[in-house]
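Asks: Supplied in structure tokens, the structure appears directly below.
Coordinate-derived values only; no laboratory data. Model, not experiment: these values are computed from the prediction. We place every Cβ from the backbone using ideal geometry, glycine too, and count neighbours over all the protein chains shown.
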Amino acid sequence: MSTALSEPTEVTVHSWMPSSPCGAGCLPAEANGVSMPTVVVRWCLVVSALATAPLLTAGWLLPRSWRTGLQRRYAAILLRCMGIHLLVVDHRGKRRHTGGILVVAGHVSWTDVLVLSALAPANFVARGDLLDWPVLGSLARRMRVVPIERQSLRALPATVATTAGRLRAGERVVAFPEGTTWCGRAYGGFRPALFQAAIDAECPVQPISLRYTGRGGELTTGPCFVGEETIGQSIRRIIRQKGVTAEVRLAPIEYPGECRRDLAARCERAARGDERIDLAAHDILDPLQGVAGTAAAGIEAAERLVA
């Protein structure tokens, strides 16, 4: 969760850090607007929901079994408050894994966290400075976020070890292997580093395909959170849209094996499926960041990135 949930902060940039060419040019020219009364109602609902969020993580107030179900329903309700419908297609088959599992998906927006939380509550691997933010930092600590310091490559093994420990304890951990948000019409390769946690913990990985569509089923970049946009601007745009659906496809789980690069490649293929992207939707394309027309090209680009 690299750019999700708050105002972007300035960080030291290194050649290995994830970046995306997506920006203002990827956003729709105009929001597919709803009426002003609907906008007002949505704002009231969103503010009310956010105000009650800390109660869902208060261990002294609610039993753990209650919190799990409430957190899932809360995420689904907050999505609906913003006008986003949720559609889930399950291709996992009859077998279900009940222990620790690493969930991986492409990263489009801060709303991805709500979408995946609506499926099942989980620990999220998130940018480390999230814990220092005034309001959301406290909530992130209660949610037991696994911090990842993008500025420090030396800190990465500790993040992998923490993630592996959570998986061994039977927990569900969500990571966005692209490392930053993309608009959904282009995407970055799955970096292999965090997949080492699944290998170390001997836990399977659940690849998830996540895309946002409009009323006619066409791909929309309206919910994406890219470039220099602030969280406030993003929320305002999303609330004014209508007919947005978060489409989730649960692919069959992948077993870890012994090579994190192979595991990352397999999971990327599973998450992308037959998806094709529109490179013409971008003003600037950086070939070093894994922009690809097919999943195979994305995997090839990922091999050039630092683990």
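Asks: Full extension from Thr245 to Thr68: what is 0.36 nm times the residue separation minus their Cα-Cα distance, to one decimal in nm?
Replies: Numbers: separation 177, 0.36 × 177 = 63.72 nm, distance 2.39 nm.
Gain on stretching Thr245 to Thr68: 61.3 nm.
Asks: Continuing with the same structure: Given H placed on each backbone N at 1.01 Å, which residues far from His107 in sequence or on other chains put an amide H within less than 5 Å of it?
Replies: Residues meeting the amide H criterion: Glu178, Trp182.
Asks: Could you tally the net charge around Pro204, taking each other residue with its Cβ under 12 Å from the Cβ of Pro204, Lys/Arg +1 and Asp/Glu -1? Before the final figure, lay out the partial values.
Replies: Details: positive: Arg92, Arg95, Arg96, Arg172, Arg266; negative: Glu202, Glu254.
Computed value for this residue: +3.
Asks: For Ala126, which sequence-distant residues (separation of 5 or more, or a different chain) have an amide H within less than 5 Å of its own amide H, given hydrogens modelled in the peptide plane?
Replies: Amide H neighbours of Ala126, under 5 Å, 5+ apart: Val146, Ile148.
Asks: Per-residue HN-Hα couplings for region 179-191, Karplus 6.51 cos²θ - 1.76 cosθ + 1.60 at θ = phi - 60°, whole Hz, x for Gly and Pro?
Replies: The phi angles translate into x, 7, 8, 10, 7, x, 8, 9, 8, x, x, 6, 6 Hz.
Asks: Lys and Arg at +1, Asp and Glu at -1: add these up for the other residues within a Cβ distance under 12 Å of Ala118 and post the number. Could the numbers behind the result be given before it?
Replies: On the way: positive: Arg72, Arg73, Arg80; negative: Asp112.
Result for the neighbourhood of Ala118: +2.
Asks: Please give the length that would be gained between Ala24 and His97 if that part of the chain were fully extended, namely 0.36 nm times their separation in residues minus their C-alpha to C-alpha distance (nm, one decimal).
Replies: Details: separation 73, 0.36 × 73 = 26.28 nm, distance 4.01 nm.
Gain in length upon complete extension: 22.3 nm.
Asks: Under the rule of at least 5 residues apart or a separate chain, name every residue whose amide H is placed under 5 Å from the amide H of His85.
Replies: Those lying under 5 Å, H to H, from His85 are Val244, Thr245, Ala246.
Asks: Could you check the spin-label model distance between Val34 and Ala51? Points 7 Å from the Cα along Cα→Cβ, value in nm.
Replies: Rounded to a tenth, the inter-label distance reads 1.9 nm.
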